[in-house]
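Take a look at the structure set out below.
The values are calculated or read from the model by the stated rules, or taken from the named source; none is laboratory data. Owing to the predicted nature of the structure, the values given are computational and were not obtained by experimental measurement. Glycine also receives a Cβ, built like all others from the backbone with ideal geometry; neighbour counts cover every protein chain displayed.
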Amino acid sequence: MATISAPVGGAQLERPKLQISQYLRWSVDHKVIGVQYGVTALFFFIIGGILAMLIRAELLTPALDVVANGQEYNVLFTMHGTIMIFLWIIPMWAAFGNYFVPLMLGAKDMAFPWLNAFAFWLLPPSGILMLLAYFIGPPEAGWTAYPPLSTLFSGDGQTLWAVSLHLVGISSILGAINFIVTIKNMRPAGMGYFQMPLFVWAMLAQAITILLATPFLAGALTLLILDRISGTTFFNPAGGGDVLLWQNVFWFYSHPAVYIMILPGFGVVSEVISTHSRKPIFGYRAIALSSLAIAIVGFTVWAHHMFTSLTPELRIPFMITSMIIAVPTGIKIFSWLGTLWGGKIHFTGAMLFSLGMVSMFVIGGITGVMLASVPFDIHVHDTYFVVSHFHFVLFGGSVFLIYSAIYHWFPKITGRMLDERLARIHFVLTYLGFFFTFFPQNLLGMLGMPRRVAVYAPEFQGLNVLVSIASFVLGASLLILFYNMYISLRRGQIAGPNPWRALTLEWTTTSPPPAHNFIGDPVPFDDPYGYGTEAAKAYIDAIERRLGPSAPLSTDPRRHEAPVAVGD
Amino acid sequence: MNVRNPNSSGRSSSAIIWIVLAGLAIIAGGFLIATLTPSLLPAQASAQAVEVDELFRFLLTIGGAIFLLVQGVLAFSVVRFRARAGDTSDGPPIHGNTTLEFVWTAIPAVIVLVITIYSYQVWTTTRAPQPNETVAGVVGARFAWTFTYDVAPEDFPADVDIAQLPENVQATLAENGSIQLVSNQFHTYVGQDVRLEMVTEDVIHSFWVPSMRIKQDLLPGRVTEVRFTPIEPGVYRVVCAELCGSGHGDMAGQIVNGNLVGGWVIVHPDEETYRREFLEPETLSVLFPPEDPVELGRQILASGRYPCNTCHTLDDLGWVGTIGPSLNGIGARTQRLDASGHPDMETYLHESIRNPGAYLVPGFGNLMPQFNPEPTQPNYMPEADLEAVVAYLLSQTE
Ligand SMILES: [Cu+2]
Ligand SMILES: [Cu+2]
């Protein structure tokens, strides 16, 4: 039992204690569920990461060496892709959404706590089924599972793969309903839609996307399962079916799925850039509404994944819609730059990863516009150019922002700060490792290397070796984050309620928050990003007076008086 | 971005100069990126490639400029607006700027509009039908490419007298008297407008010739097509770009001991060379097939009509596949007889091809396609071909 030498009157007197057992049981507390989602997702991130390392080890040479045959290689990237998308990124945003949406709204919990727990508990069985699929004729048709490869030419694991994704799908639909209702009904007095934090806006846009898109995944998977086990021929031309039916329905879900994976991140970067540069977000409405615009237009572009299979006449309309998406995305990037301009940028771990994201994501955006251009796409479709593009979006975008969110919110969740020096090392290794893993892949694709091959023409070896080595650095950089979390949990600096001096409501309670989140009803500041005003300073100081001091804002610990833990 | 105090006119005019200079530097950088990068692309071997590369250069100029703009602003901000040690104050309370937001919505909108129009134009020119195009067939099967050409009688070598053809060949002539050539490599010549009609025997494959910048999926239940016009003599790799199973990576042109193996496009410098080196000798070998079944079987397998080469190793034909057992010495592999219950090697080999799933060689999965006797079935292999193939395989005893 220890206390911090805070002015008395604060609620944050007890040293945060970690109780692992509460996370292993059924709980309807959104904070527990959030952590459950997060830990599960991180577990699958490790598995997916190990698979990626095996893939890169195989690609060190043009011939087969690490795996015994092409089939084993196909299993590696099929599982890698499926796990990273459905069991890492999507659940990880559910983790942050669950933990922070109610807190940011000043609510006691989600609208439907029981449903929330139920949605989470669908994930572990789904993950187990996915891993079991490995043992019964593993899925090897890629995460896109195009028939007839996935129907007439695959083992039973493919069926299990589809069942597992069904469970993930149900889980995310239930989660989405919960977010929409929570955000609509549980905002505190005085918080209209346009006073909501942008992370909440992003979660709303994401939830709407999930709700509209995921049923199509369910439909496609159901047809796939029927074709596989009960002799229907939805995807088999010999029985009157059509292989493109799968592609259309699958991408009608899976293109929006990209936004399901990136929109919450756009919310995070808005929170982080504003807070850690001490300046209001530039163009709040534009950012909020562009999330919605992306979500809506995102439903009209799916067939750009089919530019080499779709009837040629239909390709042009999808080029047009895909190009349009670039505009709202550009608005966001420019708004973040506008926020930074003239601010006081603090190079915290959270800020570094958000800055890193802007810098990497823009490359994914540029290659995205190139890919939307049909004639150029024809050349690089299904090559490493595409692999590079979507990793710039999903790793340079989503995963960088998950890291950013971890550095930003870990103190709130655990009550302890992460080590900022380790954060900087983590960032530098990730940034460089990431760039050199994925940028050369653009060149490989243009030069003629298709994706999903274990053997390749010898002239591509040089770039592949570079990519593989960089990817090992990238993989290793994750260990630093885990180490940082571990030592922080054991002996990290006490965070206090509001270490970043932020204005959103999750910072107006203790870290971690008490069972029902707030003591009394929190009063939101009228502008969640109203930095730079006396009123904002007064609001933050009032929190400090009420709840006690917090760890310092700056990354340099010597400059500030930290709350000192005594008596342990 | 006039977030700092734009009061004094001197400051704002120097700001304008800076903005103009930065803008010029960014545009120049975009051009530089666009000029340097395409040298990394593979050979530009078709008329389509020229158009696509021009578009690519345009995309790169714009993309490069945007890249430099964003990274530049980012780098500048990080240096210029970093919080000095000990500074815990906030930045200025600026919430936006309508003009600026309008500009950065409008400019990208115009840019993508231009890109879309230009792309559409390239798209229509690169796939426009040509008046004298030659049509050839492409068959994709796990895991090999096969090209088929119909050769009309007027293209037969001058000294061929159709009446003199052996009877069994006469029987294979189409109604208009043409014959079909089959080959692993696609032969064409500079300036020939080609249209390929493509079908698949099994799963989806994607026909990609990087140097031609063309790609099109082969879809079960459909015939798809792709057009190109070669402009440079040479040999160009064909690659399968759509995951099609364990041998997907092998479904591409390879060079083994200096020989071209698997799918390649061979562009002859002119029509005459094309006729002399490919069309005439190949036509003759089909019109006057070897009498000896062993020789005939060898010719059939060597032509690449059937996709055996990606899966099997056979030194005599230069095959190096590893998905199935090696066929070196297959004619003497009598230990299979007991295991499979066939009376002699001839029946065993016949059945290994007609019904490969019935008996699996230990250590291998059921991956070999079944080659069927009826033209309506997938992987059609007429009985006559099969007999010759078996005769040839029987001759491979070491
Ligand atoms: Cu997409
Ligand atoms: Cu293929």
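Based on what the data block shows, is B:V390 surrounded by fewer than 19 Cβ atoms within 10 Å (Cβ to Cβ) and either within 31 Å of the chain's Cα centre (by Cα) or away from every other protein chain (no Cβ under 14 Å) (or both)? Taking the combined requirement at face value, the residue does not satisfy it. Listed by first and then second residue, the pairs linking a residue in region B:133-161 that is assigned by TED's automatic domain parsing to the domain that holds B:T200 and within 16 Å of ligand 2 (Cβ to nearest atom) to a residue that is among the aliphatic types (A, V, I, L, M) and in a loop (DSSP other than H, G, I, E, B), with Cβ atoms under 6 Å apart and 6 or more places separating them unless they lie on different chains, are B:F143/B:M251; B:W145/B:V238.
Pick from region B:225-246 the residues that are more than 24 Å from B:D53 (Cβ to Cβ) and surrounded by fewer than 24 Cβ atoms within 10 Å (Cβ to Cβ): which of them is nearest to ligand 1 (Cβ to nearest atom)? It comes out as B:G245.
Kindly indicate whether B:R305 is closer than 24 Å to B:P362 by Cβ and among the basic types (K, R). No, not satisfied. Return yes or no: is A:K279 surrounded by fewer than 24 Cβ atoms within 10 Å (Cβ to Cβ), under 17 Å from A:G530 (Cβ atoms) and more than 16 Å from ligand 2 (Cβ to nearest atom)? Considered against the rule, which asks whether it is surrounded by fewer than 24 Cβ atoms within 10 Å (Cβ to Cβ), under 17 Å from A:G530 (Cβ atoms) and more than 16 Å from ligand 2 (Cβ to nearest atom), A:K279 comes out as no.
For region A:324-343, indicate whether the set of residues that are touching a residue at least 12 places away in the same chain (Cβ under 8 Å), in a loop (DSSP other than H, G, I, E, B) and under 19 Å from A:N442 (Cα atoms) is non-empty. No.
Screening A:V272 on (1) surrounded by fewer than 21 Cβ atoms within 10 Å (Cβ to Cβ); (2) in a helix (DSSP H, G or I) shows it passes everything except condition (1).
I'm trying to understand the selection: among the residues of region B:348-358, which are surrounded by 15 or more Cβ atoms within 10 Å (Cβ to Cβ) and more than 14 Å from B:S326 (Cβ to Cβ)? Matches in region B:348-358: B:Y348, B:L349, B:H350, B:E351, B:I353, B:R354, B:P356.
None of B:V194, B:V235, B:V239 is free of Cβ contacts under 8 Å to residues at least 60 places away in the same chain, closer than 16 Å to B:F278 by Cβ and of a type outside the set (G, A, S) except B:V235.
With respect to (1) buried (at least 24 other Cβ atoms within 10 Å of the Cβ); (2) assigned to a helix (DSSP H, G or I); (3) free of Cβ contacts under 8 Å to residues at least 12 places away in the same chain, the lone exception for A:L149 is condition (2). Inside region B:61-106, residues that are β-branched (V, I, T) and surrounded by 14 or more Cβ atoms within 10 Å (Cβ to Cβ) make up a count of 9. Note on region A:361-396: residues that are among the polar types (S, T, N, Q) and away from chain B (no Cβ under 11 Å) total 1. Of everything listed in (1) crowded, with 19+ Cβ neighbours inside 10 Å; (2) at the interface with chain A (Cβ under 10 Å from one of its Cβ atoms), the single unmet condition for B:V138 is (2).
Considered as a group, the residues in region B:359-387 that are in contact (Cβ under 8 Å) with a residue 40 or more places away in the chain and in a loop (DSSP other than H, G, I, E, B) include one that is surrounded by the fewest Cβ atoms within 10 Å (Cβ to Cβ), and that residue is B:F364.
Filtering region A:230-255 to residues that are touching a His at 6+ places or on another chain (Cβ under 8 Å) and either within 13 Å of another protein chain (Cβ to nearest Cβ) or more than 13 Å from ligand 1 (Cβ to nearest atom) (or both) leaves only A:Q247. Is there a residue in region A:256-269 that is part of a helix (DSSP H, G or I), at pLDDT 95 or above and within 14 Å of another protein chain (Cβ to nearest Cβ)? Checked against the condition, which is being part of a helix (DSSP H, G or I), at pLDDT 95 or above and within 14 Å of another protein chain (Cβ to nearest Cβ), region A:256-269 yields at least one hit.
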